[in-house]
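**Student:** Here's a structure for you.
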2 protein chains.
Amino acid sequence: MKRGWQDIQTEALRRIQSREWPPGGLIPNEAELARELGCARATVNRALRALAEDGWLERRRRAGTRVALSPQRRAQMSVPILRQEVEGLGKAYSHRVISRKIKGGLLHLEGLHFADKAPFAAEQRQVNLSEVPQMADVDLDQISANEWLVQNAPFDRGTLEYAAEPASGFDTKHLECAPAAPLMVLRRETFSETAMVTAVRMSYAPGHAVRLVI
Amino acid sequence: MKRGWQDIQTEALRRIQSREWPPGGLIPNEAELARELGCARATVNRALRALAEDGWLERRRRAGTRVALSPQRRAQMSVPILRQEVEGLGKAYSHRVISRKIKGGLLHLEGLHFADKAPFAAEQRQVNLSEVPQMADVDLDQISANEWLVQNAPFDRGTLEYAAEPASGFDTKHLECAPAAPLMVLRRETFSETAMVTAVRMSYAPGHAVRLVI
DNA sequence: GATCTGAATATGTCTATACATAATTACAAA
DNA sequence: TTTGTAATTATGTATAGACATATTCAGATC
């Protein structure tokens, strides 16, 4: 007899992967499993709920629990903070502001991020000053806009999109790469409850890859 | 007084975002919150655990719960199944096998995926036949290798990596794009407990973007 | 001062029980 | 047949109480 919910989860996952519980198939209900495995229903619930969150199972009230047809496990990545990304590579992080101007309530920023003094990424950003007025006074030589915003402007929703783009003139100049070289470009917009907080285009130096954990 | 754990979660998130609980700060313990909010400790636990999983809080036994210093929310994406990706765009999915040969226990595949008859992605794949011997008999005109493997070869671990690369000769030919055009390339390897199951290089037609949900 | 030891404490988890909620099913009425 | 309604059922959630476990902290010992 298993004990903790993690053991129950392991056992359930084994049955899924061994096809004892085939894809699309209905599995025994919680009460039954609890009896079979010798634990409380709440424990089974905890285990199955976790598996459902990971995409292995699909659960519906009254209809029961079935094994997901295409076990789409979800890949996760954390919203990148460049400093951590660079330091995670064992390199020294630094950054430089290229330009900074305010126009129509928006702060327009251009900046460059370095890993061991080699250009790592170039950033073009707009910040909505009516959402984060303090941003106007931040010394961006001390802390990068990215970092300051992540720590000081919690957001509710956002979009995040990677694309492969040819290096623009801006990229070519600052990342020291060939014109139209294939670059990984990240676009991100974040919103508070009421309005857009910041929008960024971040172009990474050639060779950058986005790794996800499954 | 709040009721469900989701309400507790909402209230806690409000306090975090309003900086009533500042970043790095210790928050009241579960028992205290339960008393304050008029619910059982288990309910508070559920709410705070969920927030910790989302990266808002850091919890340690005895030490208590504190607000994460850099609230790195995690972005999620599901491991892409091309059919679903294409159909999600409201287009008709189809695919074609370009080549198929077996060499040294490995099945080498090249294939092409279409959205409404326009090339969507080109695939180069190796499958370890000693891990999934049935794969040798699958009619790949009926079901794509991707799809078959996802449904029939559950894996334990894997790597997934996106990069921007110049179109190779293979890409140029099959995706109908300019030579060395910037393409989004996905590399994925999946492993069973014991060995590599499959390795893929998937190059997407120009303009493809990877969107993540925050 | 340095190190070990045990008490204290916050989170982690399990249990039994109860009720809530969604969805299906069965059945009755139109 | 269609439509409305009530019973059924599996999951979802809340609760109190108990014990487990990891860490910290305060003393005691060296």
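The values are calculated or read from the model by the stated rules, or taken from the named source; none is laboratory data. Nothing here was measured: the structure is a model prediction, and the numbers come from that model. Counting neighbours? That spans all protein chains shown, and the Cβs are built from the backbone with ideal geometry, glycine included. When the accessible area is computed, the model is the full protein with side chains, heavy atoms only, and any ligands, DNA or RNA have been set aside. Shrake-Rupley method; radii C 1.70, N 1.55, O 1.52, S 1.80 Å.
**Student:** On average, how many beta carbons from a partner chain sit within 10 Å of the beta carbon of a residue in A:203-213?
**Tutor:** Working: counts 1, 2, 0, 4, 3, 3, 7, 9, 6, 13, 4.
Per residue, the average neighbour count from other chains is 5.
**Student:** Please give the helix A:5-17 orientation as an angle from the longest Cα principal axis of chain A, in degrees from 0 to 90, rounded to the nearest 10.
**Tutor:** Tilt relative to chain A: about 90 degrees.
**Student:** May I ask which of B:Lys103/B:Lys173; A:Lys103/A:Lys173; A:Lys101/B:Lys91 have a Cα-Cα span longer than 32 Å here? Mind showing how you got there, number by number?
**Tutor:** Numbers: B:Lys103/B:Lys173 24 Å; A:Lys103/A:Lys173 24 Å; A:Lys101/B:Lys91 43 Å.
Among B:Lys103/B:Lys173; A:Lys103/A:Lys173; A:Lys101/B:Lys91, the Cα-Cα distance tops 32 Å for A:Lys101/B:Lys91.
**Student:** What residue among A:Ala52, A:Asn128, A:Ile81 has its Cα farthest toward the positive end of the dipole of segment A:1-140, where the charges are +1 on Lys, Arg and -1 on Asp, Glu, each on the Cβ?
**Tutor:** A:Ala52
**Student:** I'd like the carbon and sulfur percentage of the solvent accessible area for the protein assembly as shown, probe radius 1.4 Å, heavy atoms only, ligands and nucleic acids excluded. Write out the running numbers ahead of the final one.
**Tutor:** On the way: 10560 of 21590 Å².
Looking at the protein assembly as shown in its full context, I get 49 percent from C and S.
**Student:** To the nearest hundred square angstrom, how large is the accessible surface buried between B and A, total for both chains, probe 1.4 angstrom?
**Tutor:** Working: alone 12850 and 12810 Å², together 21590 Å².
Buried area (both sides, nearest 100 Å²): 4100 Å².
**Student:** Counting Lys and Arg as +1 and Asp and Glu as -1, each charge on the Cβ, what is the dipole of segment B:82-204 about the Cα centre in debye, to the nearest 20? Before the final figure, lay out the partial values.
**Tutor:** Numbers: 13 positive and 17 negative charges, 57 e Å.
The dipole magnitude comes to about 280 debye.
**Student:** Per residue, how much accessible area does segment A:82-204 have with a 1.4 Å probe, in Å²? Present the calculation step by step, with values, prior to reporting the outcome.
**Tutor:** Numbers: 5650 Å² over 123 residues.
Dividing the accessible area of segment A:82-204 by its residue count gives 46 Å².
**Student:** Count, for each residue of A:28-39, the Cβ atoms from other chains sitting within 10 Å of its Cβ, then give me the mean as a whole number. If you can, show how the numbers build up before the last one.
**Tutor:** On the way: counts 0, 0, 0, 0, 0, 0, 0, 0, 0, 0, 0, 0.
If you average over the peptide's residues, the count of other-chain Cβ atoms is 0.
**Student:** Please give the average number of partner chain Cβ atoms lying within 10 Å of the Cβ of each residue in B:180-186, rounded to a whole number. Write out the running numbers ahead of the final one.
**Tutor:** Values: counts 4, 4, 11, 2, 7, 3, 2.
Average neighbour count from other chains, rounded to a whole number: 5.
**Student:** Could you tell me the accessible area of A:His108 in Å² (1.4 Å probe, neighbours in place), rounded to the nearest ten?
**Tutor:** Surface open to solvent at A:His108 totals about 50 Å².
**Student:** What is the diffusion coefficient of chain A in µm²/s, taking the Kirkwood radius over Cα pairs and the Stokes-Einstein relation at 25 °C with a viscosity of 0.890 mPa s?
**Tutor:** So the translational diffusion coefficient is about 119 µm²/s.
**Student:** Dipole magnitude of chain B about its Cα centre, charges +1 at Lys/Arg Cβ and -1 at Asp/Glu Cβ only, in debye to the nearest 20?
**Tutor:** On the way: 30 positive and 26 negative charges, 192 e Å.
Rounded to the nearest 20 debye, it is 920 debye.
**Student:** If the reach is capped at under 14 angstrom between alpha carbons, list the aspartates and glutamates near B:Lys117, excluding any in the same chain fewer than eight residues apart.
**Tutor:** Output for B:Lys117: B:Glu87, B:Glu176.
**Student:** Could you tell me what fraction of 2.2 N^0.38 Å the Cα radius of gyration of segment B:82-175 comes to, as a two-decimal ratio? Working shown, then result.
**Tutor:** Details: Rg = 13.9 Å, N = 94, 2.2 N^0.38 = 12.4 Å.
Its radius of gyration relative to the 2.2 N^0.38 Å reference: 1.13.
**Student:** Also, I was wondering about something else. Quick one: which residues, 5+ away or cross-chain, put their amide H under 5 Å from the amide H of A:Gly25? H built at 1.01 Å from N.
**Tutor:** For A:Gly25, whose amide H was placed from the backbone, the distant partners under 5 Å are A:Val67.
**Student:** In the protein assembly as shown, if the dipole is taken from +1 on Lys/Arg beta carbons and -1 on Asp/Glu beta carbons about the Cα centre, which of B:Thr65, A:Thr172, B:His95 is farthest to the positive end?
**Tutor:** Of the options given, the answer is B:Thr65.
**Student:** When the Kirkwood radius is taken over all Cα pairs of the protein assembly as shown, what Stokes-Einstein diffusion coefficient follows at 37 °C and 0.692 mPa s, in µm²/s? Provide the component values of the computation, followed by the final result.
**Tutor:** Working: Rh = 24.4 Å.
The estimated diffusion coefficient comes to 134 µm²/s.
**Student:** Ok, one more. How would you order B:114-126, A:52-64 from highest to lowest mean count of nearby Cβ atoms within 10 Å? Show your work: numbers first, answer last.
**Tutor:** Numbers: B:114-126: 18.5, A:52-64: 13.0.
Per-residue mean Cβ counts within 10 Å order the peptides as B:114-126, A:52-64.
**Student:** What does the copy distance list look like for A:Arg62, label position 7 Å along Cα→Cβ, in nm and ordered from shortest?
**Tutor:** Computed spacing set for this position: 5.0 nm.
**Student:** Rounded, prolate or oblate for segment B:5-67? Axes are the square roots of the Cα gyration tensor eigenvalues, ordered a ≥ b ≥ c, and the cut-off for rounded is a/c under 1.5.
**Tutor:** Judged from the Cα gyration tensor, segment B:5-67 comes out rounded (a/c under 1.5).
**Student:** Same structure again: To the nearest 20 debye, what charge dipole does segment B:12-114 have about its Cα centre, counting +1 at the Cβ of each Lys and Arg and -1 at the Cβ of each Asp and Glu? Working shown, then result.
**Tutor:** Details: 20 positive and 10 negative charges, 61 e Å.
Here the size comes out at about 300 debye.
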